[in-house]
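Worksheet for the structure shown next.
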Protein chains: 4
Amino acid sequence: METKYMTLNQERNVSLTAYLQKTGSEFTNISARPAVLILPGGGYQICSEREMDPAAMAYLKAGYQAFILRYSLGEHAVWPNPLKDYEQAMRMIREHAEEWGICRDKIAVIGFSAGGHLAACAASMSENRPDAAILGYPVITEESAHVWERTAPDAAKAVDRNTCPCFVFATRTDSTVPVKNSLRFIQALEEHNISFESHIYAYGPHGFSTADASVLDPQMPVCGRVHRWVADSIGWLKEMLGDFGPDGITKPLCKRWANGNSADYLSVDCTIGYLMQNRQARPLLGGMMGSAGKQEASGMGSSMSQEGMEVMMQSMTLREALQYGQVPAETIELLQGKLARIENRQNGLLR
Amino acid sequence: METKYMTLNQERNVSLTAYLQKTGSEFTNISARPAVLILPGGGYQICSEREMDPAAMAYLKAGYQAFILRYSLGEHAVWPNPLKDYEQAMRMIREHAEEWGICRDKIAVIGFSAGGHLAACAASMSENRPDAAILGYPVITEESAHVWERTAPDAAKAVDRNTCPCFVFATRTDSTVPVKNSLRFIQALEEHNISFESHIYAYGPHGFSTADASVLDPQMPVCGRVHRWVADSIGWLKEMLGDFGPDGITKPLCKRWANGNSADYLSVDCTIGYLMQNRQARPLLGGMMGSAGKQEASGMGSSMSQEGMEVMMQSMTLREALQYGQVPAETIELLQGKLARIENRQNGLLR
Amino acid sequence: METKYMTLNQERNVSLTAYLQKTGSEFTNISARPAVLILPGGGYQICSEREMDPAAMAYLKAGYQAFILRYSLGEHAVWPNPLKDYEQAMRMIREHAEEWGICRDKIAVIGFSAGGHLAACAASMSENRPDAAILGYPVITEESAHVWERTAPDAAKAVDRNTCPCFVFATRTDSTVPVKNSLRFIQALEEHNISFESHIYAYGPHGFSTADASVLDPQMPVCGRVHRWVADSIGWLKEMLGDFGPDGITKPLCKRWANGNSADYLSVDCTIGYLMQNRQARPLLGGMMGSAGKQEASGMGSSMSQEGMEVMMQSMTLREALQYGQVPAETIELLQGKLARIENRQNGLLR
Amino acid sequence: METKYMTLNQERNVSLTAYLQKTGSEFTNISARPAVLILPGGGYQICSEREMDPAAMAYLKAGYQAFILRYSLGEHAVWPNPLKDYEQAMRMIREHAEEWGICRDKIAVIGFSAGGHLAACAASMSENRPDAAILGYPVITEESAHVWERTAPDAAKAVDRNTCPCFVFATRTDSTVPVKNSLRFIQALEEHNISFESHIYAYGPHGFSTADASVLDPQMPVCGRVHRWVADSIGWLKEMLGDFGPDGITKPLCKRWANGNSADYLSVDCTIGYLMQNRQARPLLGGMMGSAGKQEASGMGSSMSQEGMEVMMQSMTLREALQYGQVPAETIELLQGKLARIENRQNGLLR
């Protein structure tokens, strides 16, 4: 493994450390690797070493390239300096993707606490969006952000349809950065149809990093699941970005939006409620819905109300409803072909 | 293991099945066991067998007694019939606690989907509150509840300070009962200071039960962490209610409220912000806060603002601040003694 | 779940308890379930309740049917009474397979301690062999068996080519039934080409059952991996017997013999060393071996000795060598077709 | 993290790579770290990169320092060159322990395949013994070793009472290095009273390294538990060498010998059989054994034979028997005081 240390901004003391693993040769099926860019926490006052290497090692072991950004702190942390540092780092990584053995479109940002605030801003308001974001006990709301840096923005309010999928974890009893921060962010993700996974553990202190005994005071009361976020976030990344396969990286198993309503063109992965509002799509659904609905209702017993059924089907995707109604795959593909030609104009207006 | 089948309400076809394990004899240290009461899902139209025994077995294996309630369905599901069924079952279990080898104050309710709605109502609005609740892809909001049963209430709106600790899990992409339901509920728990743990998995269908291949169609796309909720909920129950120890059940590791602000009397586990609003408590804190504050600030570097520090300390508990400031344990105990004599009058008014 | 209690032998106080789960209806893809037959331990003096239900529940949760055999004890334990009890139980289960919703050829025996001795005997010397055996801290050697029952045979010496695949676990520091017992058994399995998995954990007491706090004195020093055998044995059973799939039980992933040398006919899964000893098979291998060998050697660098290479290839299967040498799949199939016609006469003589 | 590259022997192309993490400062309770020395595999022809960094990262994440030794290969691999390389590396690490932030007596060696042979030799015949050894699908027997290097010794035959505790893992179906190698080694460890843990997984290819998708061809059939050895070996190391605690490394939970029979002086951790053979110890045991025996027998029911009981107690430690007989702790301590003064003369003769 090769280590590189790069100064990004001498005046503000910003630097990027790279841990780069080989590609090719004995790693026959690996011509490029996904990467993580780690943003340690420390209240925009320090960058905690407990949230650098211990986290990087886990992703390196899983085959990723790893970067650590020491961003602007203290007096230099005035907004948008830290975000500029991120933009510079991400640009540099993407520019050197080939040289450094990196998949340009498989770069996740990982941030803890104040670094989680920066990572959430990267995910929701940067020009160089990451492809996934892992947020550990992040600072999100303006109220919490201002505790540490008076100029820092609210990250939840910035969430838009281009926000990348997020993995959010925290403890319920965190009193340094209250759990409300994480809840507020996943709520914003839900409202914007963004894919996410979140784990709120019952109890434990702020700043637990990987929860290994070597980084967390072992006398600190912490619930037994906390350390799981490391392996779980790797499992999630592999589902979101693809995994190492015999012929390079495999296809992702999970899409960036919870359903197709946010894509540029319509599809059978849009919800029925959304499609029915579209003048071009509505006639295509036609009679199909009737039979699928009856099938569904009968599965649940005869007494489910017609109104209930209709409300429920609003949030189902067309694909789900058709599969439930045992509509043949070819018919679904035919319909998909037609829908895929309809531009999703309401997109920008989505909630 | 003994199996009992009890009819609770012949007219509405309500019944309670009990799986009861031995106490004493070879289980020398077990005179009574914690218990779970399972409320299967099925849209208030059926009670799904896929959410009965497979779930019960996991808790039985961990040493719990297990009950399954077949509550009022279809035309009988008009509110508050299902909740009455729950009340009757819980009353019966507590009345027979000694006979059936059960710890009267360690009974958790587990509900899936519509059963999760009923469990959430049990947790937040019943007369016979459970001691913990595990909610799987629950129906929560009025909007979702009315899809299945037009008279069912919104469970999140009912959350109060007596709501029991909750473990909530769901998948992000559930289109039958949208994830918004789970999010709304944990938000209500957060607002009322209730302990909780929550796991929102990236993707997977509604109604996955234990996610074992024997209950979930193995072709269904589902993310790799989903099956974890079973073991995780058991770990959580042991932290909330205590575990089997050499001399009976051990002391819980996690409290029912995230901090002491909701208890009947003040304590060092109240947040500093809360204590400072109390005329009797404020003078007791006095000079202590100053030194703890300085300590904290210096840990983060000298540039953290005084205002930021003060806002952050509002949400810390007094115990945390004092421990961080390395105040001796005896001094903390002395303070605790004094605070414990002050009635927590604002309690009823707590949002 | 239905519970049945059947007396098998009134005089010797032998009984069989059945826990039977439903098939069909909501479990649409399940017309029959694999099963486990549990043989609790207790030195042929008692049948420990700590090794009955807690173990049964784990397999029930995974979708299996479960049986518990209370076999002959004390004065009735004189050999072969306990083995006769097993034979009677297994015969009964197979005879009622259809009625009880069981896959007749997917029945595993699970034994602990003295019950592990009985399970090992069932695996290696019974008339009604199980399809897999899980042996927990088993008594194996004559020396150990005679501690408990003077007439009990050595189970390792009985291992033959028809012994079923085994999963063996124990702790290194067990002083009641020394770990030598488990080692002796897996050595016998290795010598007879039988598939197995084994986990010897660093330390822990005898008789830990599932290692749940409800069955194991929580003050007892026990290493952190011990409880894993439960989930691991279920994972192993699914690989050996198949798992629940959309159209019934899937094909096993692991074969009953470590290679094809023990089967009734030759195959490309026989080792090269074995095939080369066969007058009919040898000419079929011919030139192929040369090129595969050269390929293999070049992978390791040029300096590997010709003799070393030849010795190593003795233990490789023909399929492995051909795949390594990138011989096309069709060529391998062709060869398989020819080998499959050659009876494996040496079979009975195998070591 | 600092990376160092050191040439140990230019002529034979031997080098040591060090990955060194910080001690002190933010890692307040860490003044020195345990370490691992990794010996990659490759048939003494190459050193496989797939078994270097991916393995190192796992232990680094857990807080360990990590070293990788590129030892003598090909023509240079003639014995004892590779062992000399190991001795030189271990000596250098111990000499620089303070400078590099390492606990001098907590250094484990990790070897894979041929590197596993070298690690097993380090554990059993080196002058600079490691404190623990992790052996992955190791080459052990002379027969297997000679496949790769004709001068390499049999590692199992060298096992002595000073062999360090070992963690051994392999797959049952490994045809490159047959599982017999691992079995032979753990049998030798058992015979010499050495602590060990071993995991033989049902199936999988040779050389799976960490079994991450980035190092193992994901199309290769491999059983689901294989990847566990990484986390399990870390858990084991923590039990054998101690874990990070509030005041430095904690006390180990597991001893290097399975019982006290191999130590320099007698103790209550010796087996009763061993103590009874000692003329000085025997009188100290006296009447105690009688009552403990009766207690034990009555626990099992009255029919256990006196002879059986006596044989069983031979292999129990005195401490276990006394605790089982509920002898008070002070009496045990008194006895321990007396035994600890008796030199364990038979020691050198212990098989």
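The values are calculated or read from the model by the stated rules, or taken from the named source; none is laboratory data. Please read all numbers here as calculations on a predicted model, not as lab measurements. Cβ: placed from backbone, ideal geometry, glycine included. Neighbour counts: every protein chain shown. The accessibility values were calculated without ligands, DNA or RNA, using every heavy atom of the protein model including side chains. Shrake-Rupley method; radii C 1.70, N 1.55, O 1.52, S 1.80 Å.
Kindly indicate which of C:Lys255, C:Lys180, C:Lys251 is free of Cβ contacts under 8 Å to residues at least 12 places away in the same chain and either crowded, with 23+ Cβ neighbours inside 10 Å or more than 30 Å from B:Asp243 (Cβ to Cβ) (or both).
C:Lys251
Name the one entry in D:Thr7, D:Thr23 that is open to solvent by 20 Å² or more (accessible area, probe 1.4 Å), touching a residue at least 24 places away in the same chain (Cβ under 8 Å) and among the hydroxyl-bearing types (Ser, Thr, Tyr). So that I can check it myself, show each step before the final result.
Details: D:Thr7 fails: touching a residue at least 24 places away in the same chain (Cβ under 8 Å).
Among D:Thr7, D:Thr23, only D:Thr23 is open to solvent by 20 Å² or more (accessible area, probe 1.4 Å), touching a residue at least 24 places away in the same chain (Cβ under 8 Å) and among the hydroxyl-bearing types (Ser, Thr, Tyr).
Check the stretch C:265-278 and report whether any residue there is touching a Phe, Trp or Tyr at 6+ places or on another chain (Cβ under 7 Å), modelled with pLDDT of 95 or more, open to solvent by less than 40 Å² (accessible area, probe 1.4 Å) and away from chain B (no Cβ under 14 Å).
No, every residue in the stretch C:265-278 fails to be touching a Phe, Trp or Tyr at 6+ places or on another chain (Cβ under 7 Å), modelled with pLDDT of 95 or more, open to solvent by less than 40 Å² (accessible area, probe 1.4 Å) and away from chain B (no Cβ under 14 Å).
Taking only pairs six or more apart or across chains, which ones have beta-carbon atoms under 7 Å, a first residue in the stretch C:329-342 that is within 11 Å of C:Arg319 (Cα to Cα) and in a helix (DSSP H, G or I), and a second residue that is open to solvent by less than 40 Å² (accessible area, probe 1.4 Å) and modelled with pLDDT under 95?
Sorted first by the residue in the stretch C:329-342, then by its partner, the pairs are C:Ile332/C:Leu322.
Please find, within the stretch D:61-83, the residue that is farthest from A:Leu60 (Cα to Cα) out of those that are aromatic (Phe, Trp, Tyr) and more than 14 Å from chain A (Cβ to nearest Cβ).
D:Trp79
Does the stretch A:280-289 contain any residue that is crowded, with 16+ Cβ neighbours inside 10 Å, touching a Cys at 6+ places or on another chain (Cβ under 9 Å) and on the phi < 0 side of the Ramachandran plot?
yes
Give just the number: which of (1) within 30 Å of B:Ile46 (Cβ to Cβ); (2) more than 9 Å from every other protein chain (Cβ to nearest Cβ); (3) touching a Pro at 6+ places or on another chain (Cβ under 8 Å) does C:Leu37 not satisfy?
The failed condition is (1).
Out of (1) under 30 Å from B:Lys22 (Cβ atoms); (2) surrounded by fewer than 23 Cβ atoms within 10 Å (Cβ to Cβ), the odd one out for B:Ile38 is which?
(2)
Can you work out which of the residues in the stretch C:144-168 that are hydrophobic (A, V, I, L, M, F, W, C) and in a loop (DSSP other than H, G, I, E, B) is farthest from the other protein chains (Cβ to nearest Cβ)?
Checking each candidate, the answer is C:Ala158.
Hey, B:Gln219 hits all of (1) closer than 30 Å to C:Ile249 by Cβ; (2) at pLDDT 95 or above but one; which does it fall short on?
Every condition holds for B:Gln219 apart from (2).
Inspect the stretch A:298-306 for any residue being in a helix (DSSP H, G or I), over 13 Å from A:Val268 (Cβ atoms) and either at pLDDT 80 or above or among the polar types (S, T, N, Q) (or both) and give the result as yes or no.
yes
Out of A:Gly235, A:Gly242, which single residue is within 14 Å of chain D (Cβ to nearest Cβ) and open to solvent by 20 Å² or more (accessible area, probe 1.4 Å)?
Just a single option satisfies the conditions, and that option is A:Gly235.
Applying the selection to the stretch A:36-51, what residues are in contact with a strand residue (DSSP E or B) (Cβ under 8 Å, 6 or more places away or on another chain) and in contact (Cβ under 8 Å) with a residue 24 or more places away in the chain?
The answer is A:Val36, A:Leu37, A:Ile38, A:Leu39, A:Pro40, A:Gly41, A:Cys47, A:Ser48, A:Arg50, A:Glu51.
For the stretch D:238-250, enumerate the residues that are at negative phi, part of a loop (DSSP other than H, G, I, E, B) and touching a strand residue (DSSP E or B) at 6+ places or on another chain (Cβ under 9 Å). Give the derivation first.
Start the filter on the stretch D:238-250 by keeping residues that are at negative phi, which leaves D:238-241, D:243-247, D:249-250.
Filter again for part of a loop (DSSP other than H, G, I, E, B), leaving D:243, D:246-247, D:250.
Listed by number, the residues that qualify are D:Asp243, D:Thr250.
Is it true that D:Arg33 is touching a strand residue (DSSP E or B) at 6+ places or on another chain (Cβ under 8 Å) and in contact (Cβ under 8 Å) with a residue 12 or more places away in the chain?
For D:Arg33, the condition - touching a strand residue (DSSP E or B) at 6+ places or on another chain (Cβ under 8 Å) and in contact (Cβ under 8 Å) with a residue 12 or more places away in the chain - is met.
Which residues, counting only those in the stretch C:208-231, are more than 9 Å from chain B (Cβ to nearest Cβ), open to solvent by less than 20 Å² (accessible area, probe 1.4 Å) and either in contact with a Leu (Cβ under 9 Å, 6 or more places away or on another chain) or not in a loop (DSSP other than H, G, I, E, B) (or both)?
Within the stretch C:208-231, C:Phe208, C:Ser209, C:Cys223, C:Val226, C:Trp229 meet the criteria.
Return a yes/no flag: does the stretch A:176-198 have any residue that is more than 14 Å from chain D (Cβ to nearest Cβ), under 19 Å from B:His227 (Cβ atoms), under 13 Å from the mean Cα position of the chain (by Cα) and outside any loop (DSSP other than H, G, I, E, B). Outline the logic, then answer.
So the first thing to find is which residues in the stretch A:176-198 are more than 14 Å from chain D (Cβ to nearest Cβ), and the list is A:176-198.
With the extra rule that they be under 19 Å from B:His227 (Cβ atoms), the set shrinks to A:197-198.
If we keep only those that are under 13 Å from the mean Cα position of the chain (by Cα) too, we end up with A:197-198.
Next, only the ones that are outside any loop (DSSP other than H, G, I, E, B) stay: A:197-198.
Within the stretch A:176-198, one or more residues are more than 14 Å from chain D (Cβ to nearest Cβ), under 19 Å from B:His227 (Cβ atoms), under 13 Å from the mean Cα position of the chain (by Cα) and outside any loop (DSSP other than H, G, I, E, B).
Can we say B:Glu320 is surrounded by fewer than 16 Cβ atoms within 10 Å (Cβ to Cβ) and either at positive phi or modelled with pLDDT of 55 or more (or both)?
In short, no.
Please indicate, with yes or no, whether at least one residue in the stretch A:129-143 is modelled with pLDDT of 95 or more, closer than 21 Å to A:Leu37 by Cα, within 11 Å of another protein chain (Cβ to nearest Cβ) and open to solvent by less than 10 Å² (accessible area, probe 1.4 Å).
Taking every residue of the stretch A:129-143 in turn, at least one turns out to be modelled with pLDDT of 95 or more, closer than 21 Å to A:Leu37 by Cα, within 11 Å of another protein chain (Cβ to nearest Cβ) and open to solvent by less than 10 Å² (accessible area, probe 1.4 Å).
Test B:Gly116 against the stated conditions and say whether it is farther than 28 Å from A:Met313 by Cα and open to solvent by less than 10 Å² (accessible area, probe 1.4 Å).
no
Would you check if there is a residue in the stretch C:189-197 being touching a Cys at 6+ places or on another chain (Cβ under 9 Å), among the polar types (S, T, N, Q), surrounded by 20 or more Cβ atoms within 10 Å (Cβ to Cβ) and within 17 Å of C:Thr141 (Cα to Cα)?
Within the stretch C:189-197 (the criterion being touching a Cys at 6+ places or on another chain (Cβ under 9 Å), among the polar types (S, T, N, Q), surrounded by 20 or more Cβ atoms within 10 Å (Cβ to Cβ) and within 17 Å of C:Thr141 (Cα to Cα)), the answer is no, since none of the residues qualifies.
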